[in-house]
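In what follows, a single structure is set out as structure tokens and then discussed.
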Amino acid sequence: MSENKNGVQPPPPILHIGREEIKPGKSFAHEKIETAWTQALVKARYTQSFLAAESITGPSEVLWFYGYPTMEAFETDYKMENSTPAMQTIAMQYGPSEADVVAGTGDTLSRYREDLSYGAPINIGEYHYVSITTYRVRPGHNNDFAELMKTANEARKNGNSTTHIAVYQVTSGAPSGTFLVITPRKSLAEIGQMNPAMTQAMNDVENKLTELTEKAVNSSSNAIYAFNARMSKPTEEQAKADPAFWKPKMTMAKAAPSETPGAKSTAAKQNKP
């Protein structure tokens, strides 16, 4: 994916999200390990960028976001991670340490649904938070869900909404009919804010939205996450958007490498990022 001079670009066509569920009371210990792991990847000149985000609401977890232009690009990164001695050494060095702090892991692959999204492109480096609504769509009702999203987006357009929403359809790692509605936010104060025109636009289609939701959606859940710069490897243009945030002084002590051999698989939190 190419960026313009301001780092503005559309959401990646392929999104790999790695997830780690953190054990109670282990958040700081986990961050310490991941910070050292990320620094090691940077030092080893790992080329793939990634952003880490810690949950504010919902289960205690950390997500890693990796964007790719194609599945071939994802495969290339995956193979490199699993065949490069430097990457394998890093994974074996830090991976086993996570056994004490991580309760479970998971990964999903999703494709960007531009037709259901709103307000792209952006420079994600300008944002500090992201909210994710996960929809489980009833079998055979993907078209109804698409109409639901398009109806809401038309209301946003009529109400001059400045929000940015990227919709992804999960293709692997979750039940069929799983969609992710991802909304980046510069501040948590943005949540729930609507101008009068936007409020009216949504009221005008409220009945239709309710009808489509009942028809298409089996369940939904929402969680808010805060980007963690220490565990992230943003692109140069993303970091330039807010250098004070993305390039903090590293004051945390280095995590002690584990002496127990072992590694994750990788490409995005399989081997780690």
>> Taking 0.36 nm per residue of sequence separation and subtracting the Cα-Cα distance, how much length would be gained by fully extending the chain between Lys43 and Phe245, in nm to one decimal?
In response: 70.7 nm
> Separation between the Gln200 and Asn160 pseudo-spin-labels, each 7 Å from Cα along Cα→Cβ, expressed in nm?
Replying inline: 1.1 nm
>> Counting other C-beta atoms within 10 Å, and keeping those with at most 15, which DSSP coil chymotrypsin sites (Phe, Trp or Tyr not before Pro) do you find in the stretch 35-124?
In response: none
> Across the stretch 114-223, how many lysine pairs, 8 or more apart or on two chains, come within less than 22 Å at their alpha-carbon atoms?
Replying inline: 4
>> With angles folded into 0 to 90 degrees, how steeply does helix 27-43 sit against the dominant principal axis of the chain? Use alpha carbons for both and round to 10.
In response: 70 degrees
> If you line up the long axis of helix 142-158 against the longest principal axis of the chain, both from Cα atoms, how many degrees apart are they, to the nearest 10?
Replying inline: 80 degrees
>> If I model a spin label at Arg111 and Ala73 as a point 7 Å from the Cα along the Cα→Cβ vector, what separation in nanometres do I get?
In response: 1.6 nm
> Do you know the relative contact order of the stretch 97-182, to the nearest whole percent, from alpha carbon pairs under 8 angstrom that are 6+ apart?
Replying inline: 48 percent
> Using alpha carbons only, how many degrees (0 to 90, rounded to 10) separate the axis of helix 85-94 from the longest principal axis of the chain?
Replying inline: 90 degrees
> Counting alpha carbon pairs within less than 8 Å and at least 6 residues apart, what relative contact order, in whole percent, applies to the chain?
Replying inline: 32 percent
>> Computed from the coordinates I sent, Cα extents along the principal axes in Å equals one of (i) 62, 44, 35; (ii) 61, 40, 38; (iii) 67, 31, 30. Tell me the label.
In response: (ii)
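None of the figures in this text is laboratory data; all of them are computed from the coordinates on show. These figures come from a predicted structure and were not determined experimentally. Using ideal geometry, Cβ is built from the backbone for each residue, glycine included, and neighbour counts are taken over all protein chains shown.
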